[in-house]
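Visitor: My questions will all concern the structure given below.
The values are calculated or read from the model by the stated rules, or taken from the named source; none is laboratory data. Predicted model only: the values in this text are computed from it and were never measured. For neighbour counting, all protein chains shown are included, and Cβ atoms are generated from backbone atoms with ideal geometry for every residue, glycine included. Just the protein is used for accessible areas: all its heavy atoms, side chains included, with ligands, DNA and RNA removed. Shrake-Rupley method; radii C 1.70, N 1.55, O 1.52, S 1.80 Å.
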Amino acid sequence: MILRDDYFGNMSHQYAPSEEVIFNAETLLTRVNALCAFLGIKPKVNSGWRPKAYNATVPGAAINSKHITGQAIDLADPDGELDDILFKDQTILEKHQLFMEHPASTKGWCHLQSVAPRSGNRVFFP
């Protein structure tokens, strides 16, 4: 189970997340934890909340990343197993009200978010 402290990590000591970010993160974690329980996996957070200033220093991070708003998380997925499962059966994402970046764009991690991308697709390219 991913705890709030796991998601916010050390960032919450340097930056204070807004109430909106906290609400968004709680929604996201409820869905991601339900997904992980459904799949029987123990998740490890690769990247959780990123304040805008920190996000700007992350190579390849989108300027308007959903990590900034508390609506995205990257889970460790070194062998791509989680990506494979979710890509092959996207009804699992739908059931848990989640969206993911295409596995071709996330080698080593699985990016999940609680809001639809502009395309509206469950699996999308960043």
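Visitor: What distance in nm lies between label points placed 7 Å from Cα along the C-beta direction at F23 and A56?
Guide: Spacing of the two 7 Å Cα→Cβ label points: 2.7 nm.
Visitor: State to the nearest 20 debye the size of the charge dipole of the chain about its Cα centre, where the only charges are +1 on K and R beta carbons and -1 on D and E beta carbons.
Guide: Using only the charged Cβ atoms, the result is roughly 200 debye.
Visitor: What is the distance, in nm, between label points placed 7 Å from the Cα along the Cα-to-Cβ direction at L39 and at N121?
Guide: 1.9 nm
Visitor: Straight-line reach only, C-alpha to C-alpha below 30 angstrom: list the lysines that K88 could link to, leaving out same-chain residues fewer than 8 apart.
Guide: Leaving aside lysines fewer than 8 places away in the same chain, those within reach of K88 are K42, K44, K66, K107.
Visitor: Also, quick follow-up: Using a probe radius of 1.4 Å on heavy atoms only, what accessible surface per residue do you get for the chain? Whole Å² is fine.
Guide: On a per-residue basis, 58 Å².
Visitor: Put +1 on the Cβ of each Lys and Arg and -1 on the Cβ of each Asp and Glu in the chain; which of I68, G108, S47 then has its Cα farthest toward the positive end of the dipole?
Guide: I68
Visitor: Round to the nearest 10 and give me the degree value, 0 to 90, for the angle of helix 19-39's Cα axis relative to the longest principal axis of the chain.
Guide: 30 degrees
Visitor: Once every DSSP H run of n ≥ 4 in the chain is given -39500 (n - 2.57) and the sum is divided by its residues, what mean residue ellipticity at 222 nm do you get, rounded to the nearest 500 deg cm²/dmol?
Guide: Mean residue ellipticity at 222 nm (helix-derived): -10000 deg cm²/dmol.
Visitor: Among L82, G9, F38, which residue has its Cα positioned farthest towards the positive end of the charge dipole of the chain, with +1 placed on the Cβ of Lys and Arg, -1 on the Cβ of Asp and Glu, and the dipole taken about the Cα centre?
Guide: Selected residue: G9.
Visitor: How much length is gained if the chain between N64 and N46 is pulled fully straight, taking 0.36 nm per residue apart and subtracting their Cα-Cα distance, in nm to one decimal?
Guide: In short, 4.6 nm is gained.
Visitor: Using only alpha carbon pairs under 8 Å that are at least six residues apart, calculate the relative contact order of the chain and give it in whole percent.
Guide: Relative CO of the chain lands at 25 percent.
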